[in-house]
1. Quick one: Met1 ticks every box in (1) in a helix (DSSP H, G or I); (2) of a type in the set (A, V, I, L, M); (3) at pLDDT below 95 bar one, so which box is it?
2. How many residues are in a helix (DSSP H, G or I) and over 17 Å from Asp74 (Cβ atoms) if we restrict to the range 18-30?
3. Given the structure, is Ala25 surrounded by 14 or more Cβ atoms within 10 Å (Cβ to Cβ) and either more than 15 Å from the chain's Cα centre (by Cα) or modelled with pLDDT under 95 (or both)?
4. Filter the range 48-69 down to residues that are hydrophobic (A, V, I, L, M, F, W, C) and assigned to a loop (DSSP other than H, G, I, E, B), then give me how many there are.
5. Could you identify the single residue in Arg42, Arg7 that is surrounded by 11 or more Cβ atoms within 10 Å (Cβ to Cβ), basic (Lys, Arg) and outside any helix (DSSP H, G or I)?
Amino acid sequence: MEYTDLRDLVLDVARQSLERGPGWAHQRAVLVEVANQVPGARTDQRIQQNILTWWHDLFRLGQLSWGYNIDNPDAPFYHIPEQNAQRERVRS
């Protein structure tokens, strides 16, 4: 699987999991589902590490943020942050 395809898959699964509700907005739910969809991922550590790298890159790039809500504010829960323009309005 191409690296950019893997990135898109990880983000898509994260979005789909989030849409399913708070119990699914969870790191393990996303990573297991991605591994199930990538051929060889269950047995190939290199593929698993690529999945983990993209998972962490999504946070580093601001496409995902840790915490689901105030009751679940940290990892392994996550959410998709508001777009930058919406963030600017909140700050002002």
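The values are calculated or read from the model by the stated rules, or taken from the named source; none is laboratory data. Given the structure is predicted, the values throughout are model-derived calculations rather than measurements. Here the Cβ is made from the backbone with ideal geometry for all residues, glycine too, and neighbour counts use every protein chain on show.
1. The one condition Met1 does not meet is (1).
2. Residues flagged as in a helix (DSSP H, G or I) and over 17 Å from Asp74 (Cβ atoms) within the range 18-30 amount to 2.
3. Taking the combined requirement at face value, the residue satisfies it.
4. Result for the range 48-69: 2.
5. Step by step, each of Arg42, Arg7 is checked, and only Arg42 is surrounded by 11 or more Cβ atoms within 10 Å (Cβ to Cβ), basic (Lys, Arg) and outside any helix (DSSP H, G or I).
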